[in-house]
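One structure below.
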Amino acid sequence: MNSLDRAEQFLAGGKPSRALAILKKSGGSPRASYLLAEAWRLSGDCRSALPHYKKAIADFCGEDDLKCRALNGYAAALRTLGVSGQALAAAGRAAAIASDYGFEDFLLEARLERAMALRAMGRLAQSALELERIGVEYKRLGDLEGIAYIHWAKGGLLRLQGRFEASIREFKASASCAKRLKDSGTLGYAYFGLAGVSRVAGDIASSEKYYRLAGKIFSKSDDMFARAYAFCGLANALRQKGAMDEAFSLYKQADRLYSHIGDRADLGFVKWGMGVVLEYRGRLAEALRLYRESEALFKGFSEARGLALSGLRQASVLYLMGKTAEAERKYDAAVKLARKEGLHTYLEHFT
């Protein structure tokens, strides 16, 4: 077995750090570039993955199925970083190549990436229709891993639509599939989904429970994104519970990890949460600075919900500071944006 085969084996086994150690010394062949990109992405560092995906995509021939795999991975990395328009384009390229050369497995994967990019862009009806169609295909193939992912994706979409009971059912179905697969990573992300929808639905006890379960799964994982997400999510639940000191400490840990992997969109939610803690402590000027920082982080990404949240909280602080006219303008703009994107952000209390 050569070094690239060993690296691929580590990736399949959920050990991207072991793969990285090999791949950093494996030269610049197209396959090495692709595997290196995958190792960075699966470590949660999508920013570091991008140049290696670009090199692999440029070097692979069109008839090589690895080009499809590289484009799909590139789309997933871009989407995670909030660059959803480019993710949609990459998934489209992958689908075109897969269709031309009969790579059926990668065509389904490309369609899934396209649906996820559409969801991130707020085109929820289109995304829902495509996810339903892909789910039918996964069921026909008996692909339990694919079915688990579809349930998870639908759960997130339904949460955005405010359909919380249906969202919870989908996330629980994803968790059930993950348990049958004995896939701890998929189970952890299903718990993240359950934690998030439980929180916005006002069930803070369940939210905390699921964030802690997910955090336990990812505590020793190579996935820095998942560890950061666990810190931020649990901080949100604890903040709602009134445990402000513990929440702020967890936000700082999430800040460190998201900053390290260059995830500006999710870092925006951390800054937002820290702002809420400071607002409730009466430190209004500091809270306003963090809300404005979060708004700046969300701009340029497909993160309408984040922009609406930052606008709404700025309006709250500005009103407290006696700047009523400015607060009204900020509030109206945030509500208008949310409604334009088909979101209900302005109705969320347990954010």
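Where a number appears in this text, it was derived from the coordinates with a stated rule and is not lab data. A quick note: this is a predicted structure, and the numbers were derived from the prediction, not measured. Positions of Cβ are generated from backbone atoms using ideal geometry, with glycine treated the same way; all protein chains shown enter the neighbour counts.
Please give the helix 3-12 orientation as an angle from the longest Cα principal axis of the chain, in degrees from 0 to 90, rounded to the nearest 10.
50 degrees
Would you mind giving the average projected area, over all directions, of the Cα convex hull of segment 231-351 in nm² with one decimal? Walk me through the numbers on the way to the answer.
Details: hull surface 27.5 nm².
That works out to 6.9 nm².
So what's the angle, to the nearest 10 degrees on a 0 to 90 scale, between helix 144-160 and the longest Cα principal axis of the chain?
It is inclined by approximately 20 degrees.
What is the chain's relative contact order, in percent, from Cα pairs under 8 angstrom and six or more apart in sequence?
12 percent
With springs only between Cα atoms under 10 Å, which of Lys330, Lys299, Lys220 fluctuates most in a Gaussian network model of the chain?
Lys220
Once you have a ≥ b ≥ c as the square roots of the Cα gyration tensor eigenvalues for segment 68-151, tell me rounded if a/c is under 1.5, and otherwise prolate or oblate according to whether a/b is larger than b/c.
oblate
Test of understanding: extend the Cα→C-beta vector of Ser259 to 7 Å, then name every residue of segment 47-78 with backbone N under 20 Å from that spot.
Those under the cut-off are 47-48.
When only alpha-carbon atoms are used, what values of Rg and Dmax, in angstrom, describe segment 6-123?
13.5, 42
Could you let me know the centre-to-centre spacing of segment 177-244 and segment 1-40, using Cα atoms, in angstrom?
29 Å
Distance from the Cα centre of segment 160-174 to that of segment 248-289, in angstrom?
Value for the Cα centre distance between the two parts: 27 Å.
Find how much the distance from Phe350 to Lys209 grows on full extension, using 0.36 nm per residue of separation minus their present alpha carbon separation; answer in nm with one decimal.
Working: separation 141, 0.36 × 141 = 50.76 nm, distance 1.57 nm.
Net length gain for the segment: 49.2 nm.
Report the one residue of Ala230, Tyr280, Ala70 whose Cα lies farthest in the direction of the positive end of the charge dipole of the chain (charges on C-beta: Lys and Arg +1, Asp and Glu -1; origin at the Cα centre).
With unit charges placed on the Cβ atoms, the residue in question is Tyr280.
Okay, helix-only estimate at 222 nm for the chain: each DSSP H run of n ≥ 4 adds -39500 (n - 2.57), divide by all residues, round to 500 deg cm²/dmol; what do you get?
Theoretical 222 nm ellipticity from helices: -26500 deg cm²/dmol.
What percent of all Cα-Cα pairs in segment 1-59 falls in each 5 Å bin, counting up from 0?
With 5 Å bins starting at 0, P(r) equals 4, 25, 33, 26, 11, 1.
What dipole magnitude, in Debye to the nearest 20, does segment 270-351 give about its Cα centre under +1 on Lys/Arg Cβ and -1 on Asp/Glu Cβ?
80 debye
Rounded to the nearest Å, what's the spacing between the alpha carbon centres of segment 317-346 and segment 62-138? Just the number, please.
34 Å
Taking the Cβ of each residue in Met321, Met224 as the centre, tally the other Cβ atoms inside 10 Å and list the residues starting with the fewest. Each step should come with its number before you reach the end.
On the way: Met321 13, Met224 19.
With the sparsest Cβ surroundings first, the list reads Met321, Met224.
Put +1 on the Cβ of each Lys and Arg and -1 on the Cβ of each Asp and Glu in the chain; which of Thr351, Gly306, Ile134 then has its Cα farthest toward the positive end of the dipole?
Thr351
Arranged from highest to lowest average of other beta-carbon atoms within 10 Å per residue, in what order do the peptides 34-42, 256-264 appear?
Packing order, densest peptide first, comes out as 34-42, 256-264.
Testing the spin-label approximation: label points 7 Å from Cα along Cα→Cβ at Glu326 and Lys299. State their distance in nm.
According to this spin-label approximation, the distance is 1.5 nm.
Want the number for Ser3 to Met244: 0.36 nm per residue separation, take away the alpha-carbon distance, what's left? Mind dumping the intermediate values first?
On the way: separation 241, 0.36 × 241 = 86.76 nm, distance 4.81 nm.
Gain in length upon complete extension: 81.9 nm.
Just need the Rg to Rh number for the chain, please, alpha carbons only, Kirkwood Rh.
Result: Rg/Rh = 0.98.
Which of Lys179/Lys271; Lys209/Lys299; Lys241/Lys271 have a Cα-Cα distance over 26 Å?
Lys179/Lys271; Lys209/Lys299
Between helix 324-340 and the chain, what is the angle of the helix's C-alpha long axis to the longest principal axis, kept within 0 to 90° and rounded to the nearest 10?
Between helix and principal axis, roughly 30 degrees.
For the peptides 150-158, 204-212, 67-75, what is the packing order when you average, over each peptide's residues, the other Cβ atoms within 10 Å and list the highest mean first?
In decreasing order of mean packing, 150-158, 204-212, 67-75 become 67-75, 150-158, 204-212.
What's the FRET efficiency of Val136 with Ser176 using the Cβ-Cβ distance as r and R₀ = 22 Å, to the nearest 0.05?
With a Förster radius of 22 Å, E is 0.75.
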